[in-house]
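Here the structure is laid out as structure tokens; the discussion comes afterwards.
The values are calculated or read from the model by the stated rules, or taken from the named source; none is laboratory data. Given the structure is predicted, the values throughout are model-derived calculations rather than measurements. Note that we place each Cβ from the backbone using ideal geometry, even for glycine, and neighbour counts take in every protein chain shown.
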Amino acid sequence: MDFNYSPEQEAYRQQVRAWLEANQPPPLTAEERERISEDLLWERNKRWHRKLYEGGWVGLSWPKEYGGRGATFVEQLIFQQELARLNLPIGINVLGIIMNGPAIMQWGTEEQKQRYLQPILRADEIWCEGMSEPGAGSDLAAIQTRAELHGDEFIVNGQKVWTTVAHRADFCQLFVRTDTEAPKHKGLSALIVDMHSPGVTVKPLRQITGDAEFNEIYFDDVRVPKKNLLGPLNGGWQVLVATLMHERFGISETVAGSDVILTQLVELAKSTVIDHASAAQDPAVRQQIAQFAIEATAKKYNGLRSLTRRLKGLPPGAESSIGKLVSTELSQKMTRFAARLLGPFATLERHSHFAPEGDWMRRMLWAEALTIAGGTSAVQKNMIGERILQLPKG
Ligand SMILES: Cc1cc2nc3c(=O)[nH]c(=O)nc-3n(C[C@H](O)[C@H](O)[C@H](O)COP(=O)(O)OP(=O)(O)OC[C@H]3O[C@@H](n4cnc5c(N)ncnc54)[C@H](O)[C@@H]3O)c2cc1C
């Protein structure tokens, strides 16, 4: 097998690199750093998203008929590698692009595809993902939010939790119970819910990072047109599994974090002094960083399994759990190691005068969260055991 990129792909990389270098957003000004907030970063990322969209770089691998560029997944990967090289954000509406849009392409009616896909790419309409509930996280078959069909409308009642960007969202891909008598996997459906509908209440949850990026959502007699059913009635479990696979594939591809963190870790080791010498000279530090580099490389080559499947035109499968598990666990190990190098400085928030460059504390906390979001590491291990290694169910 030849792991090298073809001359055309290398030429494409140069094209991407030149565009990103010429168009990348300017660094935060001193004044912006002073008043940095989630709102400020959202507005910056929104402007960046618009620029990426106009440059034709959003939804690269989406089919042209839905506003994408019809690029191959290898080209998509090259683009993400180049974004990571410059440590640039991927824009906004990430969930819409990596999971809701692909789910609509896979399960939506032609009318739904025409109506929703283009605004997702442009980020004119922001999407969120309503799966988890207080009593249903890893076990999503336990979803209790109800939707009853009355004529041409579903009436939705219930609660979701941990819903990322719900406070900014225009639409939610919502998983609900539509048949209470059927076995629990067989009574679910997916709905497209307008978040501005009467009866929808969003309550932000503040995270340990200090940001409030995810939320609780309450649904009180919310009316959803029947035509907003996504996929078959009571066949929502298949839609849910497919959507999660898209998410895991997306997380492992876009949390390109590991390569970026590795590069920054090397820089950190060079600039940190231990016992009057650079940490980068310490054999134990060097060995640990080399070990991370080995794991990052193994992750990259293993990721080619997912890529091969996508290149064959297949939706992501259980192997996307490997990418999700390994990239998030590796990021977590690397940020923890950075904390050991930084010592007590690791605990300083970015606003603090003495905070080290690199926003390490926030990244450490996020690295923990990413091993939970999209299915915990334990759940990914179950998936790998059962669906890839064909081990008996635990
Ligand atoms: C940053 C972030 C963003 C998120 N965004 C969204 C979102 O946009 N939309 C959404 O719907 N949800 C979202 N979530 C929720 C996330 O999907 C759930 O937190 C996750 O699936 C775990 O569910 P839980 O929190 O209910 O934990 P639980 O399922 O209660 O798990 C508790 C513990 O038990 C373990 N466990 C559970 N079942 C098993 C098992 N069968 N085998 C072994 N161990 C098991 C878990 O690994 C975990 O350690 C987000 C979470 C985070 C952290």
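Screening the candidates 64, 46 for the property of being exposed (fewer than 12 other Cβ atoms within 10 Å of the Cβ) and in contact with a Gly (Cβ under 9 Å, 6 or more places away or on another chain) yields one hit, 64. Among the residues here, residue 317 does not qualify as part of a loop (DSSP other than H, G, I, E, B) and within 25 Å of residue 211 (Cβ to Cβ). The condition (being away from the ligand (no atom under 15 Å from the Cβ), crowded, with 16+ Cβ neighbours inside 10 Å and under 18 Å from the mean Cα position of the chain (by Cα)) is satisfied by just one residue among 316, 356: 316.
Determine whether the range 366-378 contains at least one residue that is within 10 Å of the ligand (Cβ to nearest atom) and either more than 17 Å from the chain's Cα centre (by Cα) or basic (Lys, Arg) (or both). Give the derivation first.
From the range 366-378, those within 10 Å of the ligand (Cβ to nearest atom) are 366, 368-378; that's our starting set.
Within this subset, residues satisfying the condition of being either more than 17 Å from the chain's Cα centre (by Cα) or basic (Lys, Arg) (or both) are 378.
Taking every residue of the range 366-378 in turn, at least one turns out to be within 10 Å of the ligand (Cβ to nearest atom) and either more than 17 Å from the chain's Cα centre (by Cα) or basic (Lys, Arg) (or both).
Can you tell me which residue is surrounded by the most Cβ atoms within 10 Å (Cβ to Cβ) among those in the range 177-194 that are assigned to a loop (DSSP other than H, G, I, E, B) and touching a Lys or Arg at 6+ places or on another chain (Cβ under 9 Å)? Ranking the qualifying residues of the range 177-194, first place goes to 178. If we scan the range 142-161, do we find a residue that is under 19 Å from the mean Cα position of the chain (by Cα), within 11 Å of the ligand (Cβ to nearest atom) and either in a strand (DSSP E or B) or surrounded by 17 or more Cβ atoms within 10 Å (Cβ to Cβ) (or both)? Scanning the range 142-161 turns up at least one residue that is under 19 Å from the mean Cα position of the chain (by Cα), within 11 Å of the ligand (Cβ to nearest atom) and either in a strand (DSSP E or B) or surrounded by 17 or more Cβ atoms within 10 Å (Cβ to Cβ) (or both).
None of 327, 278, 320 is closer than 22 Å to residue 62 by Cβ and in contact with a helix residue (DSSP H, G or I) (Cβ under 8 Å, 6 or more places away or on another chain) except 320.
Could you run through the range 379-394 and say how many residues are among the charged types (D, E, K, R) and within 10 Å of the ligand (Cβ to nearest atom)?
Of all residues in the range 379-394, those among the charged types (D, E, K, R) come to 381, 386-387, 393.
Still in the list and also within 10 Å of the ligand (Cβ to nearest atom): 381, 393.
Qualifying residue count, the range 379-394: 2.
Exactly one residue among 92, 97 is within 16 Å of the ligand (Cβ to nearest atom) and in a loop (DSSP other than H, G, I, E, B), and that residue is 92.
Taking the residues in the range 60-89 that are of a type in the set (Phe, Trp, Tyr) and assigned to a helix (DSSP H, G or I) as candidates, determine which candidate is farthest from residue 240 (Cα to Cα). Among them, the one singled out is 79.
Scanning the range 195-210 for residues that are within 13 Å of the ligand (Cβ to nearest atom) and polar (S, T, N, Q) yields 207, 209. Every test in (1) more than 9 Å from the ligand (Cβ to nearest atom); (2) part of a loop (DSSP other than H, G, I, E, B) is passed by residue 138 save one, and that test is (1).
Per the conditions (1) modelled with pLDDT under 90; (2) farther than 23 Å from residue 5 by Cα; (3) more than 14 Å from the ligand (Cβ to nearest atom); (4) part of a loop (DSSP other than H, G, I, E, B), the sole criterion not satisfied by residue 345 is (4). Of the residues making up the range 195-228, those that are touching a residue at least 40 places away in the same chain (Cβ under 8 Å), within 21 Å of the chain's Cα centre (by Cα) and assigned to a strand (DSSP E or B) are 205, 214, 215, 216, 217.
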